[in-house]
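> Take this structure first; my questions come after.
The values are calculated or read from the model by the stated rules, or taken from the named source; none is laboratory data. From a predicted model like this one, the values you see are computed outputs, not experimental measurements. Counting neighbours? That spans all protein chains shown, and the Cβs are built from the backbone with ideal geometry, glycine included.
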Amino acid sequence: MDFITEEIDNLKTSGLYRTLRAIESVQGPRVKIDGKEVILLCSNNYLGLADHPRLKEAAVKAIEKYGVGSGASRLVSGTMGLHQEVEERIARFKGTEAALVFNSGYAANVSVIPALVGRGDTVFSDKLNHASVIDGCVLSRAEFKRYPHKDMEGLALRGKSRYYDNHPALRAPFLN
Ligand SMILES: Cc1ncc(COP(=O)(O)O)c(C=O)c1O
């Protein structure tokens with residue numbers, strides 16, 4: 001188990017060791033941590049919906065009627081009328097044929113990406129893409145090539161090198 005202690009020490013030395021900070025108030029632009037009010041700029045609650053009275057009321061009503069939890073995965077018995085209703089409403093709002101709701105951005109990326117690409121495909125991904133995009137690409141088993149953040153020339157070069165990987169006879173002109 002020494003490797004764990006060593007890894008933790010390395011993370012601490014390089015300033016990458018992270019700890020959890022518990023929020024003691026509702027989610028909002030200001031929250032309470034360790035009894036102190038602080039400004040919160042890093043949450044996804046941009047629209048303040050986590051504490052919106054109408055949402056809270058709707059959530060309470062839904063819990064009273066349906067309880068908590070969906071009981072199972074969606075393909076087993078976890079799809080409820082409520083899930084279908086929200087997806088139909090999102091599809092109507094977005095003007096799309098259908099919509100699929102995931103319980104987190106992470107779940108969406110690790111589910112959708114492997115559904116779109118797989119072995120034999122190549123994904124070119126911005127180096128700073130969210131970790132869940134990277135995990136989705138790795139899970140897909142597609143070839144994964146990263147290019148420098150927002151660098152379209154870097155992307156073009158990665159694309160060319162992929163092309164020349166597959167056509168080695170043509171590599172020389174590109175390298176010149
Ligand atoms: C682009 C992107 N993808 C995925 C996620 C992960 O979302 P979640 O925290 O809901 O899992 C985030 C989170 O901020 C994100 O910005």
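> Scan region 106-121 and report the pairs whose first residue is more than 11 Å from Asp135 (Cβ to Cβ) and whose second residue is within 12 Å of the ligand (Cβ to nearest atom), with Cβ atoms within less than 8 Å and a gap of 6+ or a chain change.
Once the first residue is more than 11 Å from Asp135 (Cβ to Cβ) and sits in region 106-121, its partners that are within 12 Å of the ligand (Cβ to nearest atom) give Ala108/Phe102; Ala108/Ser132; Val112/Gly136.
> Would you confirm, using the coordinates I've provided, whether Gly28 is over 30 Å from Leu155 (Cα atoms), surrounded by 10 or more Cβ atoms within 10 Å (Cβ to Cβ) and more than 16 Å from the ligand (Cβ to nearest atom)?
yes
> Another one. Looking at Ile63, Ile90, can you tell me which residue is among the β-branched types (Val, Ile, Thr), under 30 Å from Cys137 (Cβ atoms) and modelled with pLDDT of 95 or more? Explain how you work it out, then say what you get.
Values: Ile63 fails: under 30 Å from Cys137 (Cβ atoms).
Just a single option satisfies the conditions, and that option is Ile90.
> Anything in region 44-60 that is away from the ligand (no atom under 16 Å from the Cβ), in contact with a Gly (Cβ under 8 Å, 6 or more places away or on another chain) and part of a loop (DSSP other than H, G, I, E, B)? List them, or say none.
If the condition is that a residue be away from the ligand (no atom under 16 Å from the Cβ), in contact with a Gly (Cβ under 8 Å, 6 or more places away or on another chain) and part of a loop (DSSP other than H, G, I, E, B), then Gly48 is the only one that fits.
> Within region 78-130, how many residues are acidic (Asp, Glu) and under 16 Å from the mean Cα position of the chain (by Cα)?
Total satisfying the criteria: 1.
> Taking the condition of being away from the ligand (no atom under 12 Å from the Cβ), among the charged types (D, E, K, R) and not in a loop (DSSP other than H, G, I, E, B), how many residues in region 94-127 meet it?
Qualifying residue count for the region: 1.
> Could you figure out which of (1) touching a helix residue (DSSP H, G or I) at 6+ places or on another chain (Cβ under 9 Å); (2) without any contact (Cβ under 8 Å) to a residue 12 or more places away in the chain isn't true of Asn45?
It is condition (2) that Asn45 fails.
> Out of the residues in region 66-97 that are among the small types (Gly, Ala, Ser) and farther than 18 Å from Ser111 by Cβ, which is surrounded by the fewest Cβ atoms within 10 Å (Cβ to Cβ)? Break it down into steps so the answer makes sense when it comes.
Pass one, region 66-97, residues among the small types (Gly, Ala, Ser): 67, 69-73, 77-78, 81, 91, 95.
Retained after the next criterion (residues that are farther than 18 Å from Ser111 by Cβ): 67, 69, 71, 77, 81, 95.
Working: Gly67: 9, Gly69: 8, Gly71: 11, Ser77: 10, Gly81: 8, Gly95: 6.
My answer is Gly95.
> Turning to a different aspect of this structure: Under 7 Å between Cβ atoms, which residue pairs at least 6 apart in sequence (or on different chains) link something in region 129-155 that is of a type in the set (S, T, N, Q) with a partner that is loosely packed, with under 14 Cβ neighbours inside 10 Å?
Ser132/Gly105; Ser140/Gly118
> Are any residues in region 1-43 in a loop (DSSP other than H, G, I, E, B) and either closer than 30 Å to Glu85 by Cα or touching a Phe, Trp or Tyr at 6+ places or on another chain (Cβ under 7 Å) (or both), and if so, which ones?
Val26, Gln27, Gly28, Ser43
> Right, next: Just one of (1) within 16 Å of the ligand (Cβ to nearest atom); (2) surrounded by fewer than 12 Cβ atoms within 10 Å (Cβ to Cβ) trips up His130, so point out which.
Result: His130 fails condition (2) only.
> Could you list all residues from region 133-156 that are in contact with a strand residue (DSSP E or B) (Cβ under 9 Å, 6 or more places away or on another chain), more than 14 Å from the ligand (Cβ to nearest atom) and closer than 30 Å to Ser70 by Cβ?
Answer for region 133-156, where residues must be in contact with a strand residue (DSSP E or B) (Cβ under 9 Å, 6 or more places away or on another chain), more than 14 Å from the ligand (Cβ to nearest atom) and closer than 30 Å to Ser70 by Cβ: Val138, Ser140.
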